[in-house]
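Q: Encoded as structure tokens, here's the structure I'll be asking about.
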Amino acid sequence: MCLALKPIQDQFGIKQIIVSTMQALSGAGYPGVPSMMILDNVIPYIDLEEGKMESEPLKILGKYNFGKIEGAKFSISSSCHRVAVSDSHLEDVHISLEKKATVAQIKKVLSNFKAEAQKLKLPSAPKNPIVVREENDRPQPIIDRYAGRGMTVTVGRVREDSVLENGIKMEVLGHNTVRGATGCSILNVEYFVKKFKM
């Protein structure tokens, strides 16, 4: 979610986020969720996850000033669900923007986004960190989780939210064990080696 929020925050500012997550079984680790609990089921609670979803993005999207992190100033309300998907988390994200933006502007900002990893041409960095899908039924874990070798975040169903002020809503999909864990760790090492000539 943070990768998809970054270009939106930079361009339009964010006041508030409401997010519902549908998180893969692999996110539970080993031994994970018992099979008889998840078959034909959705578990509407993940221990400690909602607190992390509401605090960690503020750190990630905050600013580093004089040796400490100043968290981003927007608020987040989250609901987290465990679903019967092997890998990748799908998030339904509703955003109240500081500056009004059209759906086309949001899609353009997301599609054109390049992070420092792309500018440095790091080996693990995907060419496009964010891909915007136009189909009504995308992104889907089984189809989109390996976009950019699992390092690309796929966004779809970008549309207006008529309830929130300057509201936009969208679906965000990321591979939790590649982009969210192993692959991102490798990318961090590549970044430090190149940036600091290690």
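The values are calculated or read from the model by the stated rules, or taken from the named source; none is laboratory data. As the structure is a computational prediction, the values presented were derived from the model and not from experiment. For neighbour counting, all protein chains shown are included, and Cβ atoms are generated from backbone atoms with ideal geometry for every residue, glycine included.
Q: Taking helices (runs of 4 or more DSSP H) that fall entirely within the range 1-92, which contain at least 2 residues that are free of Cβ contacts under 8 Å to residues at least 24 places away in the same chain? Don't jump to the end; show me each part of the working.
A: Values: elements: 2-12, 35-38, 49-60.
Helices (runs of 4 or more DSSP H) meeting the threshold: 35-38, 49-60.
Q: Here's something else I'd like to know. Any residue that is of a type in the set (D, E, K, R) and touching a helix residue (DSSP H, G or I) at 6+ places or on another chain (Cβ under 8 Å) - is there at least one of those in the range 161-178? Reasoning before the result, please.
A: Taking the range 161-178 as the starting set, the residues that turn out to be of a type in the set (D, E, K, R) are 161, 165, 169, 171.
Of the ones still in play, those that are also touching a helix residue (DSSP H, G or I) at 6+ places or on another chain (Cβ under 8 Å) are none.
Within the range 161-178, not a single residue is of a type in the set (D, E, K, R) and touching a helix residue (DSSP H, G or I) at 6+ places or on another chain (Cβ under 8 Å).
Q: Starting from residues that are more than 17 Å from the chain's Cα centre (by Cα) and hydroxyl-bearing (Ser, Thr, Tyr), keep the ones in the range 134-193 and report whichever is surrounded by the most Cβ atoms within 10 Å (Cβ to Cβ).
A: Among those residues, the one meeting the criterion is TYR191.
Q: Is there any pair with a first residue in the range 122-151 that is closer than 19 Å to ASN112 by Cα and at pLDDT below 95 and a second that is buried (at least 20 other Cβ atoms within 10 Å of the Cβ) and of a type in the set (Lys, Arg) whose Cβ atoms are under 6 Å apart and which are 6 or more apart or on different chains, and what are they?
A: Listed by first residue and then by second, the contacts come to nothing, as the list is empty.
Q: Taking the range 2-40, which residues are touching a helix residue (DSSP H, G or I) at 6+ places or on another chain (Cβ under 7 Å) and surrounded by fewer than 20 Cβ atoms within 10 Å (Cβ to Cβ)?
A: Hits for the range 2-40 are CYS2, GLN11, LEU25, GLY32, VAL33, ILE38.
Q: Can you find even one residue in the range 83-90 that is among the acidic types (Asp, Glu), in contact with a helix residue (DSSP H, G or I) (Cβ under 8 Å, 6 or more places away or on another chain) and modelled with pLDDT of 95 or more?
A: Going residue by residue through the range 83-90, those that are among the acidic types (Asp, Glu) are 87.
Retained after the next criterion (residues that are in contact with a helix residue (DSSP H, G or I) (Cβ under 8 Å, 6 or more places away or on another chain)): 87.
The next check asks that each one be modelled with pLDDT of 95 or more; those that pass are 87.
Looking for residues that are among the acidic types (Asp, Glu), in contact with a helix residue (DSSP H, G or I) (Cβ under 8 Å, 6 or more places away or on another chain) and modelled with pLDDT of 95 or more, one finds at least one in the range 83-90, hence yes.
Q: Further question on the same structure: Consider ILE76 carefully, then state whether it is within 17 Å of GLU91 (Cα to Cα) and touching a Lys or Arg at 6+ places or on another chain (Cβ under 6 Å).
A: Numbers: within 17 Å of GLU91 (Cα to Cα): yes; touching a Lys or Arg at 6+ places or on another chain (Cβ under 6 Å): no.
Answer is no for this residue.
Q: When the residues of the range 108-126 are narrowed to those that are assigned to a helix (DSSP H, G or I) and touching a Leu at 6+ places or on another chain (Cβ under 9 Å), which ends up farthest from LYS6 (Cα to Cα)?
A: Our first condition is that a residue be assigned to a helix (DSSP H, G or I); within the range 108-126, this holds for 108-112, 116-119.
From what is left, the residues that are touching a Leu at 6+ places or on another chain (Cβ under 9 Å) are 116-117.
Working: GLU116: 12, ALA117: 14 Å.
Within the range 108-126, the match that is farthest from LYS6 (Cα to Cα) is ALA117.
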